[in-house]
Each structure stands twice: as structure tokens, then as C-alpha cells.
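Everything below concerns the one structure shown next.
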Amino acid sequence: MATESVVHTAMTLHDHLPVLQILVPFIAAPLTVFIGSRALAWPISFASSVVSLVIAWLLLMQVIDGDVISYHIGGWAPPLGIEYRVDAANAFVVFLVAAISVVVLPFAKVSVAYEVPLRDHALFYSAYLLCFSGLMGVAITGDAFNVFVFLEISSLSTYVLIAAGAGKDKRALTAAYDYLIMGTIGATFFVIGIGFLYMGTGTLNMADLAQRIAAQGGNRTIEAGFAFILVGIGLKLAFYPLHLWLPNAYTYAPSAVSAFLAATATKVAVYVLLRFCFTVFGPAFGFEVLTLQYVVLPLAVVAMFASSFVAVFQSDFKRMLAYSSIAQIGYMLLGIAFLTETGVTAAIVHLFNHGITKAALFMAVGAYVLRAGDTFYNDIAGLGRKMPWTSAAVVIGGLSLIGVPGTAGFISKWVLVQAAFEKGWWPVALLIVASSLLAVIYVWRVVEVLYLQPAREDSTATEAPLTMLVPIWVAALACIWFGIDTDTTLGAARTAAAGLLNLPGQ
Amino acid sequence: MDQNHDDTSAFARVLLLIGSPRAFAVLVVLCAGLFVADFLYHKHPYFEVEEVPGFYAIYGLAVVAVFLVAARLLGGVLKRPEDYYAPNDVASEPYPDESRADG
Amino acid sequence: MVELVPPFLVYFLGAALLPLVPGAALRSALSLLVPVIGGWLIWTMPTGTHDVVTLMGVDLTLIRNDRLAAIFALVFSFAAFVSLVYAWHVRDRVQLVATLLYSGSAIGAVFAGDLITLFLFWEGTAIASVFLIWARGTEGAYHTGLRYLVIQVASGVILLSGAALFWRETGSLAFDQMTLGSPATWLIFIAFGIKCAFPLLHSWLPDAYPSATVTGSVVLSIFTTKLAVYALARGFAGTELLIWIGVVMALFPVIWGLIENDLRRVLAYSLIGQLGFLVVGIGIGGELAINGVAAHAVSSILYKSLLFMAVGAVLFRTGTARASDLGGLVRSMPLTALFCLVGSATIAAVPLFASFATKSMILSAAGYKGYEGAWLALVAAAGATVVYTGVKVPYCAFFGADSGRRPAEAPWNMLLAMGLGSAACIGIGVFPGAFFALLPYPMEYDVYTVAHVITQLQLVAFAVLAFVLARRFGYLPTETRSVVLDSDWLYRRVLARVIGGLAQGMSIAWAGGVRFQEAWLNRVILRLYRSHGPASRMAQSWPTGAMVQWVAILLAVMLFVTFLA
């Protein structure tokens, strides 16, 4: 399968899929601005998302058995040229991002029309497409510096997208500003880390980096590079206690943006962490094992509990979800910190399952914002009867968030607990279960508010429009589907984990 | 409940004969006939006891008699007022009216 | 993978889609298609195992089709069809969905090729069927339903633990012939026994079945117990212990059946009695006995649902099924009375009716194998059955002392359903050969021998004579409104009292503990709220500088740790 040895001439369109994956939305972004039509902005975005999804599917199918596609930009062979390297792990992530985009965009049409001023629509979708292509670029590239470039593309557009919430609440501006500062620091740390690596090895290609680092072993430069990269990425993935930008950013961003970012942005960052921890460096290095087990693991556990407690006491549904996201990222980091195949599988599968769960919930938030104006518990009280379909989806998403058997959330927690047992760390397994109990509490609070409390007397809420309900339910049903059909997700995650850990493919 | 269905149909009158004294006479004759019939055919029994003439007749009669006596005795012991388990049981509840739905 | 449409899927799809159909008549009409399509799938299904799916690493065999499974699945389909006709008038969507899920689960369980699939459908029947009891909507029905659910789910849990142990012992989950001996097989045996109403495990049945709705009782009488019979026949055929269990089951319900006042409860006891015959047959084992079990299971489904339908029609029209409140209804419900008599004649095994052909196979099997005690007991039970079900039910409802009630004849759909059931009872009785061709094993068996006809007629006629004489001399048990105690008294009364006493003592100690704990819990929550609540430092929006400070701290920690290595 690998095009590695194939001469660059006479390639078919099919061989260009890796770059088309990025180029389609990347070209569509300026196109929306040049055309400048508010009416055309959405269709262009949607069309390019659909094309991306198709490409992502084709790529995933090519690599799902453990193959690797190496694509050389402009025909320049790595390590000199930039390489796009598609394997099961990042094809899976790219597919998740594209799928979420295709689901969220139909929802965004109404939601954005309500929450973002009309004159900004063309620019909004342009920023959205940039963010979208940036996130996929981060995942697909095999070049460390290129990761930084795409990270910046996605981050800069994300700041704009969050600030777009200012039409409804001015605090979106400070949230975006905070995130700008933090994100920039994160990116700077990241690029400093890469600088260290370049200094230590003289290359930027990840595969090449991996070889050289393995060959020469660790030294202070490499170790410093690792620490900087870890902190830099930690900021992007809201690694506790570097999460402080996240609650405000998710709360004040337009609902569609929250849904998209919650399901994709942090997940892509988790992927980058996986890539650096397992491909570039490797569990063979003592410093990595030490850092992951004595810094990341305890903080992941703290995240699971502290953020869940905060979520329990929240009185705003959207903000509660933001804190729950931080706790859920704790699970993924925990999986990575196990440094075993099962642990990494759990992290990857949770990355996917949590993505669809949060997409469903944040989209439901958008529906409540549209109909009730806000998502404070006293504003959405009693909406279970007035918006039965939306609320039923919230219940399904909530069950998946808790990890009830039959939902996607159960599968990932199950694998995670298995990973903990494999290592013999049963106290950690107990902690995972205990923190799930906290999820029961904060989900129950929402269910209670929706179904058991009387609606506000001045409430005029009616069921959300179909363009919102269909995406919400697609995501909600996906939560159930992937809770029952575990072959697809678990299989892909296992292949990805085996690939990352350099084990023989399944 | 509804009293307006008093016109007993011819078909019903035929069925009512089952409960009449004449039917009892028929039953007695039938029993006698069957008992006699037992002597008229060749048996191929599984067990010796079957070869006793009229075994099934006698055994049937005796078994029912024994069970009736047992039921009478035990009935006195086991019967309780209808609301014994109330309110956790349906015995003392009226059946919710379903027939209204059908009319 | 899935190469055939499993029949249960048709039922589950029907249960999912039919509630969305507007219009009660259209819904009822469409619901009839479900067993028809399901039955056609079963009829055309090739034998062997199909549809092996993998769920969380376990291979589930959704379909293992052979002649034993097929005949149970077919009669379940037919009975489901009849009961849906009977329930044509019901507007309640819950009952429709429950009926379909229940029938579908039972059929799914019959085709289950492994213990896990069996368990899933086993619990499916438990959970779906309880709604037929709750649909009655009274407080008593709610509590009865809960008791029923607990016992049924417990049966499933025991089955699952048995399956788990079985897997550890043998490394296989296949559902095939087992031998009693290990804890695993005992657990599975007991799980089957609960659903099959073994003595002392039976009391859920007369408790629950008469508490369901009119249509619900009919549906309940069909599936659960016959599914258990199928499971026993599949797993424990030839287990001698079953013969003695079956004998007890055939005999003891006679007494309760004679005493009981509620006619649906009488039928429930007689259902246990008939299960006794089937269980004896399974215990005997061998081709003739298993053929007899399959055949008699079919006919007992037919006549038992027919009798439940007839008594149900009376309950539907008069609002009561108490023998003490009924009598003489033949005057205004002659057709219902006629169908009830067909059911009676069938359960009494009168020649030309189904049981005459089917019951005798089990008796013959007992004869061939020389189980004289069991044979005598079964003949006794057969004679008693003539009286306590065959005569008592029609006598109390339709003949006997005139209660003065003149309810309207049953609605057309009920009459049609009873007609279908009656036709099947007579059809099998008149043409047993055609029916025997469907049985699990090929056999030569002649039903209509002179000896068999005459001896059976003797048994029936003299049993009836005994009843009539007892009535003449006033020796029948009196029909009064009452509750008759059964073994459930132990847990409904004694246990409740004991727990009540314990609870009182505990509650005093508890109250003190709770007060202390509440105060403590309040303090904990308050503290958590102070540290994690919306106004706490954890949840506040932090100034940008403070966020950056965390970055610096973390970087320092990480650098330190990495350098340490």
C-alpha cells in the first residue's frame, strides 16, 4: 500500500487523498470570503466538510489493517520535505473530526443564525473552515514543525470563533482573549520544544526524529524538549491545572462552536500527545515513564474528581458540560499514562466516544439556547415536556457520559478499567468507578431539572426545529450504536494503539 | 350488569340441556355401558393392574372422591378472607372496567 | 454473521413501529402481520445454526434450528396470532408492545444456541411480560407485578451465574444436553425450574397470571412456562429427578384448583398440573417421551389459552371471574360457553380432541419404560383434571346455579380467537397423524385403538359422575369469596412479619445513626461546595496571569522530573 517507494510521477487523484483532505476546506475558507455571500457561506462549508468526510473514510479504510500511507508534499522526500503520514491512529482522528463537522454543520445553520450577527456569517464560516482544516492538518501531518503550523491555524481561527459569541454575551471577548494568551503560550512552548528536538537531532520529520532519538538516547536537550512539548500540548488539551481557559471559552462561544470544539479540538490535542509520547519519544525512555506516571497520572486523577465536583455544583448546563469535559480528558490522559496497549486503546476509543457524546450534549445546549434563551437550570426547568426530543437526546448523552452499559461511554470506561487491572492498579480502577458516580450526580441534576421541575410560567419554549433535532439525534443514536457495535471503534482503536506502540498490527 | 339479554336463544337452550336431570340419566347409562364394554375387547396393557375389569372407571371415581375429601379438609385450613393480602393483592379489588371501552 | 432474518426481530420491529401507527383498528390489523411473517420465517428456515454474532467478545448463536425448536416456535407464533386477534379491541399501546416483545423474546429464546443468548431472551420475557400485569392499573396489580418481576429476573440471574460457572467448567457456552451434578448445571436447572413452576418455586404463577388484564392472562399462559419446558427438554431430557418433580406438580394443584374461587386462578393451578405431565415426560426421556412432550406442550398451549380466553370473556363482560359471583351465563353467552366446553373436553382428553392424542404419548412412554408409580399418578391426575378444570370451570361460569347475570355475548374478535383455538384443538384431535409429522422424531404411534378410546372414556365419564354425585350430596367445596393460602404465604406473610419486626428494631437504631450521618454529610457537602461550588476558587474565572503562573509551575515540575531520570 505504501507509496513510499513509488516515483512521484503519474499519480492518480486517489494517491493525492492525504493532501486533498486538508486542501479542500483550506481552499474553501478563503473562497467564502471572496464570494462574500452570506447565503453561500454555509453551503460551501457543508460541501467541503462532506468531501472531507468521504476522503477521511477512504483513507481510514486503506489503513485500518495497519498499513501506512506516506505522502510527500511537492514530491520532496522526507526527511527534507514535508511528509503526510496516515496510519490507523490519525486516520481515526481525522475521520472523527470530519464526521463531527458534517453532523454539527446542519445544526449550526439555525444555531449560528440565532447566536451570531448576520453580517459576520461569511467570516464566521471562513474561520470555521480554517479551524476545521487546521485540526485535520495537525492530525495528518508527519512533520513536527508542520504540526505547529496547523496548530496555530486552528488556534487562531478558534479565538475568532469563540469571540463570535460576543453577539450574545460580551464575556465571550474576555474568554477568547484569555484563550488567545494561553493558547499562544502553549504554542510557543510547543515550538520551543520542537526547537530543542531539532537542536538535538537535526531533523523535524517525526519518523526520522524517532529513529534518531532512539539511536542516540536521551540527553538534556531532548528531555527539555519533551517537557516543553508536554506542557505546550497540555495547554491545548486542557490538562489539569492548565484547563483554566476552557470553561469560559466553551461557555461563551456560540453553541455550534462549543459542540464542534468540545468534540474535536481537545481530541486532536490528545492525539498529538499520543504521537509524541509513543512515536517520537517512546516508553523506552525513563524520563517519559517517570513524567507520565508521577506527574500526568496523579493530575489526571485530580482532574477526574475536582472537575466533576465543580460540575456537580454548577447551575448552568453549558458550563457544567465544560467542566465535565475536563474530567473526561482526565480519563484519556489516564489511559495514556498506563503506557500499555490496552491503556492507549482506552484513550483512543474514549477520544472518539466522548467526542460524539459531547457533540450530542452541546448541540442540545444550542437547542435550549434557541428556545429558552439560556441554559441556566432555572431557565431550562421543565423543558423535558416542552422539548421532548431534545431532552430525550440529553438523557441518552448523559447516560453515555456516565458510562451506562449499552452506551458508547461504557465501552471506553470498561476498557480503561481493564487497563488498570492489567497493570494491577486496582485502586486506580476504583477511582475510575468512583468518579463515574460523580457523573451520575451531575447528569441526574440535569435530568431532574428537565423532567421533574415545573417549567417557568413565562416559558414559551417549543420543540427545536428539525435541522437541529436530526443532528442531535444522529449523535445521540451514535452514542447507542457505538455502545453496542463495539467492533468498529474498538478494532480501529486497537490497530491504532498497536501502531503507536510499534506492536505487530492486528 | 346488563339485564336486556334475557331472550335465551335456541342454541343456548340446547346447551342448557347439559345441566338438566335428563343429562344425568344419560351419564349414568353411559357409565354403565362403558363399564360393560370393558369386558368385550382384547387388552394390551403396560401393567398388570390395567387388566382388572373397569380399572379406569373405578380408579377415576376413587381418585376424584379422595381429592374432593382432601380439598374439603384443606379448604377449611387454607381459606382466608378476601382482603387477607390487601392492598398488595388483586383478590379484593374490583376488576377495572374494560368493557366500557368496547361498548 | 447474520445470514437469516431471526424471527424475533420481526416481533421487536413490530413492537418498535406499531405504536406509531395511528388508529386502533389499523394498529390491531397490522399487528396480526407480525406472527404471520414470523411464522413464515420459521416455516421456511433451514435447519442448523445460523446468525452467529460477536458481542463484546462472546459468540452468540442467535439461531439453532432443529425440529424440537421449530415446533415450539411454530406453536408460539400461532398462539401469538390468536391472542392478538383476541386483543383486537385493546387500545392500550403498552399491552400491544409488551405482547410483541414477550412473544418475540420467547421465540428468540427457543432458537438460542448458547446460554448467553438464552439468558438475554429469558430476561426479555420476564421484563416484557410484567407490563401485562401492570396494565391492569390497580395497586394490587402493581405489587403483584413487582413480586412476579423479582422472581422472574432472579431466575434469569441464576441462569446467568449457572452459565458463567458452566463456561468455567467446560469452556463452552453451548446450550445442549447437560447432566445434573456440578453447581453450574444445578443452577441452570433451578433457573429453568423457577420458570417451569416446580413445586415450592411455583407460587408466582397462581399469584401473577390471574392478576393480569383479560388479554394479558391469555398471553401469559402461553409463553413463560412452555419456554421453560422447552429449555428442560433441550437441556435435561432423561433426568430421572424430573419424573418425581413432575408427579408432584401434576397432583398437588388439584386440591388448590378445587378450593379456589377465582376461575382464572383455578386455571393457573391447572396449568401447573399440566406442566407436571410435561415434566414427567422430559424426565422419562427418549424419542417417544420427547415427542409426547412437544405434542402435549402444543395442545396444552392451545386448550389453556382457549380456557383463559373463555373465562377472560366472562370477566370482560361481567367484571368478575369469581365462581361465587357467576353461574348460568350460557343463557346469554352460548358461543363462549361452547368454546369453553371445547377447551374442557380437550383438557379432559376426550377422544377427538387434541389432548387425547398427545397426553397418551407421555403415558405410553411411562408404560414402556416401566415407571408404574409415575404412571398411576399421572392417570390419577388426568382423572382429577377432568373434574377440577374440565367440569368445574364451565359448570361454575356457564351452568350451575343461575346468578341472574345476562351479559352480552363476547365481542366478535374474542369469539373469532376462541373459534381458532377450538378449531386447532379439534383439528389435532381428529387428524393426529398430520400433526405428528411435525414432531421432533419420526415415529409410528396409533392413537385411536379400541382400548385407548374405551379406557379414556371410562376415566372421563366416571370422574364426571363422581363430580355430579358429590354435587347431589352437597359434598363439593363451597364457593365463597376468599384467598387460598399457598407457599407464597411464607414470603408474603411470615417473611413480611419477620422483616417488619426486625425493621422496627433496626429503625430505632438507624434513626440515631442517620441523624448523626446527616449532620456529617451536610458538613461534607458544605465543605465541597465551598471548595468546588460556583463561587469557589476552583470554579471561578481566573485572571490570565494566574493561569500563566500554573503553566510556569507545571513546566518547572516537568523539567525537574525529566531531568531526574
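Looking only at the stretch C:364-400, count how many residues are more than 10 Å from chain B (Cβ to nearest Cβ), within 30 Å of B:SER9 (Cα to Cα) and among the hydrophobic types (A, V, I, L, M, F, W, C).
3
Can you name every residue in the stretch C:255-265 that is surrounded by 24 or more Cβ atoms within 10 Å (Cβ to Cβ), under 13 Å from C:ASP486 (Cα atoms) and not small (Gly, Ala, Ser)?
Correct list: C:TRP256, C:ILE259, C:GLU260, C:ARG265.
Of the numbered conditions (1) more than 7 Å from chain A (Cβ to nearest Cβ); (2) surrounded by 18 or more Cβ atoms within 10 Å (Cβ to Cβ), C:GLY533 fails exactly one; give the number of that condition.
It is condition (1) that C:GLY533 fails.
For the stretch A:400-412, enumerate the residues that are surrounded by fewer than 24 Cβ atoms within 10 Å (Cβ to Cβ) and within 12 Å of A:ASN353 (Cβ to Cβ). Give the derivation first.
The first filter runs over the stretch A:400-412 and keeps only residues surrounded by fewer than 24 Cβ atoms within 10 Å (Cβ to Cβ), leaving A:402, A:404-406, A:410.
Matches in the stretch A:400-412: A:PHE410 only.
Are there any helices (runs of 4 or more DSSP H) wholly within the stretch A:338-435 with 1 or more residues that are closer than 18 Å to A:GLN328 by Cβ, and if so which?
Values: elements: A:341-372, A:377-380, A:383-386, A:388-402, A:408-423.
Where helices (runs of 4 or more DSSP H) fall fully within the stretch A:338-435 and carry at least 1 residues being closer than 18 Å to A:GLN328 by Cβ, they are A:341-372, A:388-402, A:408-423.
Among the listed residues B:ALA32, B:ALA70, which satisfies the condition of being more than 7 Å from every other protein chain (Cβ to nearest Cβ) and at pLDDT 85 or above? Even if it seems obvious, please write down each step before you answer.
Numbers: B:ALA70 fails: more than 7 Å from every other protein chain (Cβ to nearest Cβ).
One residue alone meets the criteria, B:ALA32.
Given the residues B:ILE58, B:ILE18, which is the only one that is assigned to a helix (DSSP H, G or I), under 22 Å from C:GLY383 (Cβ atoms) and at pLDDT 85 or above? Outline the logic, then answer.
Numbers: B:ILE18 fails: at pLDDT 85 or above.
B:ILE58 is the lone residue from the list that is assigned to a helix (DSSP H, G or I), under 22 Å from C:GLY383 (Cβ atoms) and at pLDDT 85 or above.
Mind listing whichever residues of the stretch A:236-266 are of a type in the set (Gly, Ala, Ser), part of a loop (DSSP other than H, G, I, E, B) and within 13 Å of the chain's Cα centre (by Cα)? Outline the logic, then answer.
As a first pass, look at the stretch A:236-266 and keep what is of a type in the set (Gly, Ala, Ser): A:238, A:249, A:253, A:255-256, A:258-259, A:262-263, A:265.
Still in the running and part of a loop (DSSP other than H, G, I, E, B): A:238, A:253.
The one that is of a type in the set (Gly, Ala, Ser), part of a loop (DSSP other than H, G, I, E, B) and within 13 Å of the chain's Cα centre (by Cα): A:ALA238.
Scan (1) within 14 Å of chain C (Cβ to nearest Cβ); (2) not in a helix (DSSP H, G or I) for the single condition A:THR203 breaks and write down its number.
(1)
For the stretch C:126-157, name all the residues that are touching a Lys or Arg at 6+ places or on another chain (Cβ under 9 Å) and either within 14 Å of chain B (Cβ to nearest Cβ) or hydroxyl-bearing (Ser, Thr, Tyr) (or both).
Scanning the stretch C:126-157 gives C:TYR142, C:THR144, C:GLY145, C:ARG147, C:SER155.
Identify, from the list C:ALA321, C:ALA297, the residue that is surrounded by 24 or more Cβ atoms within 10 Å (Cβ to Cβ), modelled with pLDDT of 95 or more and within 27 Å of C:THR215 (Cβ to Cβ). Can you show your working first?
On the way: C:ALA321 fails: modelled with pLDDT of 95 or more.
None of the other options fit; the residue is C:ALA297.
Scanning the stretch B:84-103 for residues that are assigned to a helix (DSSP H, G or I) and of a type in the set (D, E, K, R), which turns out modelled with the lowest pLDDT? Give the derivation first.
Kept after step one, since they are assigned to a helix (DSSP H, G or I), are these residues of the stretch B:84-103: B:99-102.
Still in the running and of a type in the set (D, E, K, R): B:100, B:102.
Details: B:ARG100: 42, B:ASP102: 39.
Filtering the stretch B:84-103 for residues that are assigned to a helix (DSSP H, G or I) and of a type in the set (D, E, K, R), the one modelled with the lowest pLDDT comes out as B:ASP102.
For every residue, the table says whether it meets (1) touching a strand residue (DSSP E or B) at 6+ places or on another chain (Cβ under 7 Å); (2) more than 13 Å from every other protein chain (Cβ to nearest Cβ); (3) small (Gly, Ala, Ser).
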| site | (1), (2), (3) |
| --- | --- |
| A:ALA238 | no, no, yes |
| A:TYR250 | no, no, no |
| A:VAL257 | no, yes, no |
| A:LEU261 | no, yes, no |
| A:VAL272 | no, yes, no |
| A:ALA284 | no, no, yes |
| A:PRO298 | no, no, no |
| A:GLN314 | no, no, no |
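In the stretch C:53-94, what residues are within 14 Å of chain B (Cβ to nearest Cβ), assigned to a helix (DSSP H, G or I) and buried (at least 18 other Cβ atoms within 10 Å of the Cβ)?
C:TYR86
Here's the yes/no breakdown for (1) within 27 Å of C:PHE81 (Cα to Cα); (2) among the small types (Gly, Ala, Ser):
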residue	(1), (2)
C:SER217	yes, yes
C:THR224	yes, no
C:ALA237	no, yes
C:VAL247	no, no
C:PRO253	no, no
C:ILE272	yes, no
C:ILE284	no, no
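Just a yes or no: is a residue in the stretch C:486-494 touching a helix residue (DSSP H, G or I) at 6+ places or on another chain (Cβ under 8 Å), within 13 Å of chain B (Cβ to nearest Cβ) and polar (S, T, N, Q)?
No, the stretch C:486-494 contains no residue that is touching a helix residue (DSSP H, G or I) at 6+ places or on another chain (Cβ under 8 Å), within 13 Å of chain B (Cβ to nearest Cβ) and polar (S, T, N, Q).
Pull up the stretch C:330-349, narrow it to residues that are among the small types (Gly, Ala, Ser) and on the phi < 0 side of the Ramachandran plot, then point me to the one that is surrounded by the most Cβ atoms within 10 Å (Cβ to Cβ). Before you say what the answer is, go through the steps one by one.
Of the residues in the stretch C:330-349, the ones among the small types (Gly, Ala, Ser) are C:332, C:337, C:343-345, C:348-349.
Of the ones still in play, those that are also on the phi < 0 side of the Ramachandran plot are C:332, C:337, C:343-345, C:348.
Numbers: C:SER332: 24, C:ALA337: 26, C:GLY343: 30, C:SER344: 24, C:ALA345: 25, C:ALA348: 25.
Going through the qualifying residues, I end up with C:GLY343.
Which pairs turn up if I take residues in the stretch C:180-202 that are in contact (Cβ under 8 Å) with a residue 24 or more places away in the chain and outside the structural domain of C:PRO253 (by TED's automatic domain parsing) and look for partners that are of a type in the set (Gly, Ala, Ser) and outside any helix (DSSP H, G or I) with beta carbon separation below 6 Å, at least 6 apart in sequence or on another chain?
Listed by first residue and then by second, the contacts come to C:LEU200/C:SER487.
Does the stretch C:429-477 hold any residues that are closer than 18 Å to C:ALA289 by Cα and either at the interface with chain B (Cβ under 10 Å from one of its Cβ atoms) or assigned to a helix (DSSP H, G or I) (or both), and which are they?
C:PRO432, C:GLY433, C:PHE435, C:PHE436, C:HIS452
Among the residues of the stretch C:537-548, is any more than 10 Å from every other protein chain (Cβ to nearest Cβ), part of a helix (DSSP H, G or I) and surrounded by fewer than 11 Cβ atoms within 10 Å (Cβ to Cβ)?
So the first thing to find is which residues in the stretch C:537-548 are more than 10 Å from every other protein chain (Cβ to nearest Cβ), and the list is C:537.
In the following step, the residues that additionally are part of a helix (DSSP H, G or I) were identified as none.
No: zero hits.
The values are calculated or read from the model by the stated rules, or taken from the named source; none is laboratory data. In this text the structure is predicted, and so the values were computed from the model without any measurement. As a convention, Cβ positions derive from the backbone with ideal geometry for all residues, glycine included, and neighbour counts pool all protein chains shown.
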